[in-house]
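Below is one structure, written out as structure tokens, with a few remarks after it.
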Amino acid sequence: MTGNKPGGTPCSNATDFWAVSQAAPFRRVHVNGLLSLMDYCDGSPDFASGGFIADSQFTGASITNGSQQQWVTRNSSLDGWSNGVWNQVFCGDPGAPAQSFGVAGANPYTTLTTCPATEEEPFLYTDSQGSYRVFVPAVQHDSSGPAWAGGSEAGSSVPLSKFFVASPSTSVLAIDLALAAGQDLILTPGVYNLDQSIVVSRPGTVVLGLGMATLVPQRGNAAMVVIPNTGVKVSGLIIDAGPVKSPVLLSVGTPGPGSASNPDLIQDVFFRIGGAETTPVSATVSLLDNASNSILDDVWAWRADHGNAVGWTVNTADTGVVVTGNNVTAYGLFVEHYQKTEVIWSGQGGTDVFFQNEMPYDPPSQSAWMAGPTQDGYPAFLVTKNVKSFQGYGMGSYIVFIQTIATLFADEAFQAPKTPGVQFHDLLVVYLGGSGGDKSIINGVGGPVTSTDNPGIGTPVDLVSYP
């Protein structure tokens, strides 16, 4: 899609607005003219708090970051970027601002010249004969700029006849049989109440959700189980926890080798624990990624802090994302409010580009929120002791203890083995409310950031590198 803005007044005529928070990706768009990531026309840039741009091109004027506290942009051609708040991350973006995170008086920019492994999202289109097809882009390594900028894009085109098109009234049995028989899957808009898991059993399967199709397991099952480690593409879904606790909502891959040339791909998949359902819901883990060489691209995992059926014992969930596969690459992980460690990464050779987290708002007491007998709270992001190599870039955790009367502390926001191959770049912690806080940024280093020892509400404490 191409958007043209001629400029002029009033401001609503002069600017494209993409004033969003999580779970609203901006992909494959060419904008000629101004783009603002906040709505400034009404003088109140509310409800715009973090987002994701990929595979896009911007010409003619800069992007106004505005009030966005955090943002990640990858594989996009930029023509300027103004201001920053806490954490702006750029990966493979020609025209991106230079690295300046942690520099006094500078914007909080984390800038990577190229992205290590990327693959753009499959999309539905019509060909020159007016027939519907789905284009599946190919994987790229050490990439920069939009995949389509050169006029042609590597990948494959799949006719719609290859897809089983489901609706919320379609049985899971019919979906699973179609997938096993070699068809790909389109899930049309609506809410799918699933009494058993959708099972993706064949390598190379494309699962494309339209209109944010929503999957809700009903019997403690996973919403979807992806078995192969090769070429499965899952995109465009919301997965809600259901009334019976699910051990996991989405499971991807199996332990063992995975394909670097045709990886499993999870894109624009969003999880909700509460908030939408009117009765208590529960899931232990939202996303389990066992697939080596897989790519996670814009994942929001949210244990609800507002909405329906919200409370410490009402919408229960331990962990948002667990990664066991080796050489997994993640872009745009947004993981919030889970009751234990929010991300657990145990695979070797992993990379995470951008992480946004809020600690849970509502632990009723310190004793209810302890990783161990002597460890206060839980880390937001844990790289486990067995890991020898990992790279993290532009990662932030926020303290928001505002739905409890307890004084709460976490020993560290990030926890990792102290080994040279496990490295973090541009970490931050921000205090936003409540009593207590975070004693250190990572492994006792950096901080503290607490209600009694912080530079002020909303002012980040940065750590440029670790170790």
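Throughout, read-outs are computed from the coordinates displayed, never taken from laboratory work. These numbers come from a predicted model, not from an experiment. So basically every Cβ, Gly included, is an ideal-geometry build from the backbone, and we count neighbours across all protein chains shown.
In this simple spin-label model, placing a label point 7 Å from the Cα along the Cα-to-Cβ direction at both Val244 and Ser261 gives a separation of 4.3 nm.
Once the chain from Asp42 to Ala149 is taken as fully extended at 0.36 nm per residue, the excess over their C-alpha distance is 35.0 nm. One chain, two ends: Gln375 and Val191. Fully extended at 0.36 nm per residue, the span grows by 62.2 nm beyond their Cα-Cα distance. Seen from all directions on average, the stretch 359-444 presents a Cα convex hull projection of 5.4 nm². Note on Ser82 and Ser21: the model spin-label points, each 7 Å out from Cα along the C-beta direction, lie 2.5 nm apart. Normalised size of the stretch 54-209, defined as Cα radius of gyration per 2.2 N^0.38 Å with N residues, equals 1.33. Per DSSP H run of n ≥ 4, the term is -39500 (n - 2.57); total these for the chain, divide by its residue number, and report the mean residue ellipticity at 222 nm rounded to 500 deg cm²/dmol. That comes out to -500 deg cm²/dmol. Residue separation of Val464 and Gln99 scaled by 0.36 nm, minus their Cα-Cα distance, works out to 130.3 nm of gained length. Rounded to the nearest 0.05, what FRET efficiency is calculated for Ser128 and Lys162 with R0 set to 22 Å and r the Cβ-Cβ distance? With R0 = 22 Å, the Cβ-Cβ based efficiency is 0.75. Between His306 and Ser365, the FRET efficiency from the beta-carbon distance, with R0 = 30 Å, is close to 0.90. Would you mind checking the pairs Lys388/Lys439; Lys340/Lys439; Lys340/Lys388; Lys245/Lys439; Lys245/Lys418; Lys340/Lys385 and listing those with alpha carbons more than 28 angstrom apart? The pairs that break the limit, which is 28 Å between Cα atoms, are Lys245/Lys439; Lys245/Lys418. Each of Cys115, Cys41 has some number of other Cβ atoms within 10 Å of its Cβ, and from fewest to most they run Cys41, Cys115. When both the stretch 340-411 and the stretch 281-335 are represented by their alpha-carbon centers, they are found 13 Å apart. The residues packed around Ser367, meaning those with a beta-carbon under 15 Å from its beta-carbon, carry a net charge of -2 if Lys and Arg are +1 and Asp and Glu are -1.
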